[in-house]
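No lab work stands behind these numbers, since they all come straight from the coordinates. For clarity, every value in this text was computed on a predicted model and none was experimentally measured. A quick note on method: Cβ atoms are made from the backbone with ideal geometry, for glycine too, and the neighbour counts reach across all protein chains shown.
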Amino acid sequence: MKIGTVTVLGATLVALLTLSACGNTIRGVGRDTANAVDATQTAGRDVDRAARR
């Protein structure tokens with residue numbers, strides 16, 4: 001294999017690994033956001049119940 005071919009294959013591999021890591025990060029941020037929304041809603045319900053007592 002030529003040096004240019006090896007360089008292109010290496011760059012492609014690095015790009016694929018980087019993009020897959022970004023996908024995992026974005027998925028994790030989505031989960032964290034959903035959990036934050038759930039916690040906020042639960043806290044709101046708790047405050048509402050406490051205010052009604």
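Rounded to the nearest 10 degrees, what's the angle between the helix 3-52 long axis and the longest principal axis of the chain, both from Cα atoms, 0 to 90?
Between helix and principal axis, roughly 0 degrees.
Using only the Cα atoms of the chain, each taken as one equal point scatterer with no solvent, compute I(q) by the Debye sum, divide by I(0), and report log10 of the ratio at q = 0.22 Å⁻¹.
-0.82
Given R₀ = 30 Å, what would the calculated FRET efficiency be for A34 paired with T7, taking r from the Cβ atoms and rounding to 0.05? Write down the numbers at each step before the final one.
Values: r = 41 Å, r/R0 = 1.37.
According to the calculation, E is roughly 0.15.
What does a probe at V47 reach in segment 21-40, counting residues whose amide N is under 19 Å from the point 7 Å along Cα→Cβ?
It comes to 34-40, nothing else.
Quick check on the chain: helices-only [θ] at 222 nm, where DSSP H runs of length 4 and up contribute -39,500 (n - 2.57) each and the sum goes over total residues. Nearest 500, please.
Calculated at 222 nm, the ellipticity per residue is -35500 deg cm²/dmol.
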